[in-house]
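The block underneath contains the structure these notes are about, expressed in structure tokens.
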Amino acid sequence: MITPSHLALVPFVSVENMMRLVHHVGLETFLKELAVEIEADFKRWPIFDKAPRVPSHSDVGVIELMPTSDGELYGFKYVNGHPKNMKEGLQTVTGFGLLADVNTGYPVLFSEMTVLTALRTAATSAMATKHLARPNSRVLAMIGNGAQSEFQTIALKAVCGIDTVRLYDIDPAATEKCAANLAGLGITIVKCSSPEEAIEGADVITTATADKEMQTILTDNMVGNGVHINAIGGDCPGKTELHRDIVARASMFVEFPAQTRIEGELQQMPLDHPFTELWEVINGTAAGRKDAAEITLFDGVGFAIEDFAALRYVQEKIKGTTFFKELDMIADPDDPRDLFGMVLRAK
Ligand SMILES: NC(=O)c1ccc[n+]([C@@H]2O[C@H](COP(=O)([O-])OP(=O)(O)OC[C@H]3O[C@@H](n4cnc5c(N)ncnc54)[C@H](O)[C@@H]3O)[C@@H](O)[C@H]2O)c1
């Protein structure tokens, strides 16, 4: 019996183990710690390899690869976006990802990333909100009550002190599901029957709707001064959530401009439309919110560095635990030139 070398065995975090890890750490602690990790990587933004993700579009959705590296570790995520999946009983977004050692090229972590994407997207919105919303923001309007919505809400509670959520979805069953899931988690829940009702009195608005076209979830006249908007559902060419006028009125903050230009609300705007890169606000090299009346907009599309930070966080957290299995993933013969011999001997 041939046993693989330790480098050939790659720690694998299954969906089951990711869920166990979240409960072991505690959901709010997990989201808070993850936001800190993501923020740490935003602070060293310039050192990362950066490129817009590589998409493969079809009429019904998109499949994407999201790579980056900090020179020591390389990471990528496979992720899809299929808004029609939900009606077929499937997830809109699924994912898995990998970290590898830049020195050897050998993978060092393989993980589910459907749950982890929801967690990292929520932690990223919370991080942006912490830097951009008015201090003492307490009321969230959560528009789009699908898979991401509870994660978004709890991250904003944990990181920013949001204590009330006003829910709206075109499908009341989604709002019922979201309200039932959030019940007992220490947040006041208000179910609303229109987007206008949902944003009444809101300090922060998060839109996480899924459609394969330009939507106008928010129009200019709906949004009062001073709010912070996380628009995370517009994340593909031809898929936006906000009316152009509200985008024009807000101060826009983005992750990686070259990707946001193709995928975000920014795609609606002329090439000279002003925006600020979020990492610069976090680093103190650019201004965030200037006054209490300003509307701030985080045009979040999801960038590879956020996934990289999430994978690194998981890599640290599983050390010394049982929340992973070792996968015999890399062929690693004792004599590195004898790959063929290794196959022969396995007969
Ligand atoms: N920016 C990021 O990093 C990031 C990460 C993950 C997901 N996303 C995007 O976020 C969106 C939501 O993802 P999900 O996994 O929650 O999807 P989902 O399909 O589970 O939920 C989307 C919800 O939006 C609702 N909806 C659709 N049109 C609406 C409208 N006009 N008004 C109100 N509600 C509406 C649907 O009924 C559904 O409940 C998707 O577009 C997804 O691609 C972005």
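None of the figures in this text is laboratory data; all of them are computed from the coordinates on show. Here the structure is a predicted model, which means the values were calculated and not measured. As a convention, Cβ positions derive from the backbone with ideal geometry for all residues, glycine included, and neighbour counts pool all protein chains shown.
In the range 36-134 the Cα-Cα distances spread across 5 Å bins starting at 0 as 3, 11, 16, 21, 22, 14, 9, 4, 1, 0 percent of all pairs. Within the chain, the whole DSSP H helices whose Cα atoms reach 18 Å or more along their own axis and whose mean Kyte-Doolittle score is at least 0.0 are 27-43, 114-132, 304-318. Stokes-Einstein, applied to the Kirkwood radius of the chain over Cα pairs at a viscosity of 1.306 mPa s and 10 °C, places its translational diffusion at 76 µm² s⁻¹.
Taking +1 at the Cβ of each Lys and Arg and -1 at the Cβ of each Asp and Glu, which of 284, 296, 321 sits farthest along the dipole of the range 281-347 towards its positive end, judged by Cα position relative to the Cα centre? Final value for the positive-end residue is 321.
Counting 0.36 nm for each residue step from residue 9 to residue 63 and taking away their Cα separation leaves a gain of 16.7 nm. Take each peptide in 302-310, 41-49, count the other Cβ atoms within 10 Å of every residue, and average; sorted highest first, the result is 302-310, 41-49. Dividing the Cα radius of gyration of the range 132-302 by 2.2 N^0.38 Å, with N the residue count, gives 0.97.
Sorting 72-78, 209-215 by their mean Cβ neighbour count within 10 Å, with the most densely packed peptide first, gives 72-78, 209-215. Its Cα gyration tensor gives the range 114-172 an equivalent ellipsoid; the semi-axes, largest first and in whole Å, are 18, 15, 8. Cross-link pairs exceeding 31 Å between alpha carbons, from the set 191/319; 290/319; 50/290: 191/319; 290/319. Antiparallel beta bridges, as assigned by DSSP with both residues in the chain, represent about 50 percent of the total such bridges. Listed peptides 134-144, 84-94 appear in the order 134-144, 84-94 once ranked by packing, highest mean of other Cβ atoms within 10 Å at the front.
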